[in-house]
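Just so it is clear, none of the values below were taken in a lab; they were calculated from the coordinates. Bear in mind the structure is a predicted one, so any value in this text is a computation, not a measurement. All Cβ positions, glycine included, derive from the backbone under ideal geometry; neighbour counts span all protein chains shown.
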Amino acid sequence: MAEAYDDQNVFAKIIRGEIPCNKVYEDDHALAFHDISPQTAVHVLVVPKGPYVSSDDFAAKASDTEIAGFFRAVGKVARDVGVDASGYRMLSNHGEDAHQEVPHFHIHIFGGQDLGRMIKPPK
Ligand code: AMP
């Protein structure tokens, strides 16, 4: 069974304006902000405005309008931060094996440097 959405998670608080973020972009469907602990030269998070726990929850429950709006925003954010020409990697962690930390669906955009191929194996 899918995990219930916890509206006290940190991204829910950022969306409601209860805690600050370093905002990159916002529209009706999405909010994008710089990751607080960047892993690469460019590391931006894009979150949908709606209450979705993970990519799985979003894919199953979000409306077509929300899904289209969200992914349009992801593309716009990548262009806005200037990584569309050089390339970037999108990543979304879902659940325990992926070590998802924040239970509000988000896509990481990594770029601004050579990212290597795919992912590093765990140590
Ligand atoms: P994940 O493991 O995919 O759930 O990643 C969660 C990400 O959220 C991590 O990269 C954190 O550095 C980032 N993060 C946590 N709190 C904040 C915050 N207040 N503002 C920006 N990024 C955050």
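Quick notes on this one:
- Sparse-neighbour loop sites [GluC sites (Glu not before Pro); region 2-39; at most 13 other C-beta within 10 Å; DSSP]: Glu3, Glu18
- Region 66-103 versus region 40-54: alpha-carbon centroid distance in Å: 6 Å
- Computed on region 1-110, with alpha-carbon pairs under 8 angstrom and 6+ residues apart, the relative contact order is 33 percent.
- 31 Å Cα-Cα threshold exceeded, pairs from Lys13/Lys61; Lys76/Lys120; Lys23/Lys123: Lys23/Lys123
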